[in-house]
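Asks: Before we start, here is the structure in question, set down as structure tokens.
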Amino acid sequence: MSDDVVRVGVIGVGYWGPNLLRNFNNLADAEATWAADLNSDRLRHIGNLYPSVRTTSDYRQILDDSDVDAVVVATPADTHCALACEILDAGKHVFIEKPMAVSSEECQTINAKAAEVGRQVMVGHTFLFNSAVYKIKQLIEAGELGQIFYVYINRVNLGLFREDCNVVWDLAPHDIAILNWLLDSVPRSLTAVGSSYVQPGIEDVAFVNLQYPDNVMAHLHVSWLDPNKVRTITVVGSKKMLVYDDVSNTEKLRVYDKGVNVMPHYDSFGEFQLSYRYGDIVLPRIEDTEPLKIEAEHFVECVRENKKPRSDGQSGFEVVEVLEAACASIREGGRIMGFEAPTRQS
Ligand SMILES: NC(=O)c1ccc[n+]([C@@H]2O[C@H](COP(=O)([O-])OP(=O)(O)OC[C@H]3O[C@@H](n4cnc5c(N)ncnc54)[C@H](O)[C@@H]3O)[C@@H](O)[C@H]2O)c1
């Protein structure tokens with residue numbers, strides 16, 4: 001970096017890329033200097049919105065610009081690995097939208113390349129930068145919920161039907177990233193079922209059951225075929241329970257002081273008793289900051305200070321490994337898929 005400003009190029013300014021470009025451009029210590037896309041209409045649109053951003057249909061122009069420190073990849077997932085490796089080879093840091101790549105092998109290729117050239121890889125697991133999810137993480141770490149028993153997540157609504165991937169690859173990356181981060185671990189096994197009701201061969205609804213260490217169960221329901229838009233996370237702990245409702249405007253997070261106590265001593269089944277606790281419901285205050293702003297700030301900080309990102313390449317790999325296993329389980333009628341004992345770097 002010639003000065004303290006991190007200069008960023010964005011490859012892919014279709015639906016999502018412009019949101020990233022806007023957020024990087026709005027940071028005091030970063031500047032979006034380039035946008036590349038194969039679609040000239042999208043480039044014209046970006047050029048009109050941001051006259052200071054140079055546009056090109058050839059992303060290699062960005063890689064050849066020695067003033068560019070980092071490149072954002074917001075293209076379809078099957079292009080991520082090749083683009084990320086070229087970016088790293090050009091000596092730039094890379095921010096890759098989720099999912100990191102279309103196979104765990106590709107993720108490993110990217111991570112090996114990043115280690116070889118000594119550059120940062122961050123994956124756009126947006127929900128790890130969502131203030132409500134961050135609050136849940138704080139509550140779990142502070143022991144407020146007690147021992148975590150189980151978590152379930154619903155991410156359903158009508159559409160948007162994609163043709164390039166099934167609903168698991170489209171929606172579950174968010175949830176798996178959230179679960180792995182909240183539970184600070186990766187699943188030991190999973191089983192999944194899914195069906196294609198609308199587009200032959202492309203599952204539009206799936207149910208995934210995951211087993212995490214310490215007997216923590218998790219369940220995901222992802223669907224493009226549902227009457228309601230539901231985005232909820234429920235965490236049940238031994239002390240408290242919580243529900244995060246991403247669709248609610250005013251009550252995103254509710255913490256319930258509810259639970260069940262087992263009497264500590266009993267000699268016979270007749271004496272076995274449970275007491276139910278119905279305490280207060282608390283609505284913690286959640287900062288109203290755009291997650292992408294926090295995400296962009298975090299990437300810039302990691303680039304400047306050579307810090308490991310919260311959603312680094314290893315976490316991107318761990319998410320893709322689960323997506324692959326879930327799809328394999330669906331193909332095999334819900335077979336239980338086990339994972340090797342993970343080797344995680346902290
Ligand atoms: N984090 C999130 O919440 C979130 C939300 C939506 C999408 N995404 C991710 O963002 C990525 C892009 O999704 P999208 O919905 O914006 O897709 P999109 O199809 O709307 O846009 C992708 C753009 O990339 C361009 N492109 C493809 N190959 C290119 C190349 N070689 N050089 C330059 N441009 C190229 C296309 O022309 C297109 O404009 C995907 O990985 C998707 O999963 C993340």
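The values are calculated or read from the model by the stated rules, or taken from the named source; none is laboratory data. As the structure is a computational prediction, the values presented were derived from the model and not from experiment. Cβ atoms come from the backbone with ideal geometry, glycine included; neighbour counts cover every protein chain shown. These area figures cover heavy atoms from the full protein model, side chains too; ligands, DNA and RNA do not enter into them. Shrake-Rupley method; radii C 1.70, N 1.55, O 1.52, S 1.80 Å.
Asks: Hey, can you tell me all the residues within the stretch 206-215 that are open to solvent by 10 Å² or more (accessible area, probe 1.4 Å) and more than 15 Å from G338 (Cβ to Cβ)?
Replies: Listed by number, the residues that qualify are F207, D214, N215.
Asks: Pairs, please: C-beta under 8 Å, at least 6 apart or cross-chain, first residue assigned to a loop (DSSP other than H, G, I, E, B) and in the stretch 286-301, second of a type in the set (A, V, I, L, M)?
Replies: Matching pairs, first to second residue: I286/A132; I286/L253.
Asks: So, of the residues in the stretch 15-32 that are closer than 16 Å to R54 by Cα and not in a helix (DSSP H, G or I), which turns out to be nearest to the ligand (Cβ to nearest atom)?
Replies: Of everything passing the filter in the stretch 15-32, A32 is nearest to the ligand (Cβ to nearest atom).
Asks: Here is a follow-up. Look through G259, G279, G270 and report the one residue that is in the same structural domain as C327 (by TED's automatic domain parsing) and surrounded by 15 or more Cβ atoms within 10 Å (Cβ to Cβ).
Replies: Going through G259, G279, G270 in turn, the sole match is G259.
Asks: Within the stretch 222-233, is there a residue that is part of a loop (DSSP other than H, G, I, E, B) and within 14 Å of the chain's Cα centre (by Cα)?
Replies: No, the conditions are met nowhere in the stretch 222-233.
Asks: Criterion first (of a type outside the set (S, T, Y), within 16 Å of the ligand (Cβ to nearest atom) and free of Cβ contacts under 8 Å to residues at least 60 places away in the same chain) does G12 satisfy it?
Replies: no
Asks: Here's something else I'd like to know. Looking only at strands (runs of 3 or more DSSP E) that lie completely in the stretch 33-103, which have at least 1 residues being touching a helix residue (DSSP H, G or I) at 6+ places or on another chain (Cβ under 6 Å), open to solvent by 30 Å² or more (accessible area, probe 1.4 Å) and within 14 Å of the ligand (Cβ to nearest atom)?
Replies: Hits in the stretch 33-103: 54-56.
Asks: Can you tell me which of L145, L128 is among the aliphatic types (A, V, I, L, M) and away from the ligand (no atom under 16 Å from the Cβ)?
Replies: L145
Asks: Can you confirm whether the stretch 195-210 contains a residue that is modelled with pLDDT of 95 or more and either among the basic types (K, R) or touching a Lys or Arg at 6+ places or on another chain (Cβ under 6 Å) (or both)?
Replies: no
Asks: Another question about this same structure. Quickly run through the stretch 245-285 and pick out the residues that are under 28 Å from K137 (Cβ atoms), of a type outside the set (A, V, I, L, M) and in a strand (DSSP E or B).
Replies: Within the stretch 245-285, D245, R254, Y256, D257, K258, G259, N261, Y276, R277, Y278, G279, D280 meet the criteria.
Asks: Tally the residues that are closer than 19 Å to L210 by Cα and crowded, with 19+ Cβ neighbours inside 10 Å, restricting the search to the stretch 141-153.
Replies: Residues that pass the stated criteria total 3.
Asks: Please count how many residues of the stretch 131-142 are polar (S, T, N, Q) and within 16 Å of the ligand (Cβ to nearest atom).
Replies: So the count comes out to 1.
Asks: Then there's this: Could you list all residues from the stretch 15-55 that are polar (S, T, N, Q) and either farther than 22 Å from L83 by Cα or touching a residue at least 24 places away in the same chain (Cβ under 8 Å) (or both)?
Replies: Matches in the stretch 15-55: N19, N23, N25, N26, T33, N39, N48, S52.
Asks: Sticking with this structure for a sec: Anything in the stretch 235-244 that is in a loop (DSSP other than H, G, I, E, B) and out of contact with any Leu (no Cβ under 7 Å at 6 or more places or on another chain)? List them, or say none.
Replies: If the condition is that a residue be in a loop (DSSP other than H, G, I, E, B) and out of contact with any Leu (no Cβ under 7 Å at 6 or more places or on another chain), then S238 is the only one that fits.
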